[in-house]
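Student: Quick one: this structure, given as C-alpha cells, is what I'll be asking you about.
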Amino acid sequence: MSTSLAPFQVCVYCASSDQIDAAYFKDTERLAELLVERGINVVYGGGGSGLMGCLATTMVRKGGHIKGIMPHFMKDVEWAHKEVKEFLFVADMHERKKAFLQNTDALIALAGGCGTFEELFEAITLKKLGLFTKPIVILNTNGYYDPLVEMLDRSIREGFMGEVHAQMWTVVSRPEEIIPAILNAAPWSEDAIKFAKG
Ligand code: AMP
C-alpha cells in the first residue's frame, strides 16, 4: 500500500460511452485502484455508464471516496450512478463545471467524447487566464489523444499560445504515471493573466 495523500481531491473527466475498447476500461479501473490506495478523494460527473461508471464502481467497491456532481436533469433521466453515496445536484451544466473545479487539487482527463473535451478545454482556458492553477493530466490510452496533443502543439508552434502554456498540461501513457505527473507538475499562478495573450 502506498503512502496516503489525503486530504487531496482530484476531478476526473471521462467518457459516458460504453461502446469503447476494453483498454480504456482497464486503464480507468487501474487509476481508480491507485487513487484508492493513495487515499485520494475524487469528484466526477456522477454517471453510471462508460468510463464514469467504471471509475465510480471500482472506487466504491475498493472503499474509496467518490462524489458525483450532476445537473438535476441528468438525475431525472436516471443517469446517476446507483452505488455512489455522495452527490451534489446542481442547476445546469455551467454550475456543474464550476463545481468540478472548486476545492480540486488536480484534474485528470481520461478518454472521452465531446463532453470530456469541453470540460478539459474549459479547464485549460481557465488555467491560461490564471483562474485555475492546479495540475492538469491527460491520460493518452491507446494514443487516443495524439491528434488533440498535436493540435495543442500546433497552436503553440503557430503562436496561438506561448511556449510557456505547454506547461499547463501533462500527457502520460499509463495510469501509474498520473499521480507522479500531478506531484511534479510545473507550478502555475494567478499571475498567468499577465502572459495569457500568446
Ligand atoms: P462524453 O465525454 O461526451 O461522454 O461526456 C462526458 C461528460 O458528458 C460528463 O461529464 C457529462 O458532462 C456528460 N454526460 C454525457 N452523458 C452522460 C451520462 N450518461 N451520465 C452523466 N453524464 C453524462
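The numbers here are math on the coordinates, done by the rules we state, and not lab data. Note that the structure is predicted; figures quoted are calculated from it, not measured. Quick reminder, even Gly has a Cβ in these numbers, built from the backbone with ideal geometry, and neighbours come from all protein chains shown.
Student: For the range 88-180, what D do you get in µm² per second when you plug the Kirkwood radius from alpha-carbon pairs into Stokes-Einstein at 25 °C and 0.890 mPa s?
Tutor: Details: Rh = 14.1 Å.
Translational D for this selection: 174 µm²/s.
Student: Would you mind pulling out the separation of the Cα centroids of the range 133-198 and the range 81-115, in Å?
Tutor: First find each Cα centre; the distance between them is then 20 Å.
Student: Considering only DSSP states other than H, G, I, E and B, which chymotrypsin sites (Phe, Trp or Tyr not before Pro) in the range 82-125 qualify as loop sites with at most 13 other Cβ atoms within 10 Å?
Tutor: Those that pass, being in a loop and sparsely packed, number zero.
Student: Now a separate question. Tell me the Kirkwood hydrodynamic radius of the range 9-195 in angstroms, computed as one over the mean inverse distance between distinct C-alpha pairs.
Tutor: Value: 16.6 Å, from the Cα pair sum.
Student: Oh, and also: Give the relative contact order (percent, whole number) for the chain; include only Cα pairs under 8 Å separated by 6+ residues.
Tutor: Here the relative contact order equals 21 percent.
Student: Can I ask one more? List the pairs from Lys26/Lys85; Lys26/Lys82; Lys98/Lys197; Lys26/Lys134; Lys85/Lys194 whose alpha-carbon separation is above 32 Å, in the order I gave them.
Tutor: Lys85/Lys194
Student: With helices defined as uninterrupted DSSP H runs, which ones in the chain have an alpha carbon span along their own long axis of at least 15 Å and mean Kyte-Doolittle hydropathy of at least -0.5?
Tutor: Helices meeting the criterion: 22-37, 50-61, 114-128, 146-157.
Student: So, one more: Report, in deg cm²/dmol and to the nearest 500, the calculated mean residue ellipticity at 222 nm for the chain, where each DSSP H run with n ≥ 4 adds -39500 (n - 2.57) and the sum is divided by the residue count. Before the final figure, lay out each step's value.
Tutor: Numbers: 7 runs with 75 residues, N = 198.
Calculated from helices alone, the mean residue ellipticity at 222 nm is -11500 deg cm²/dmol.
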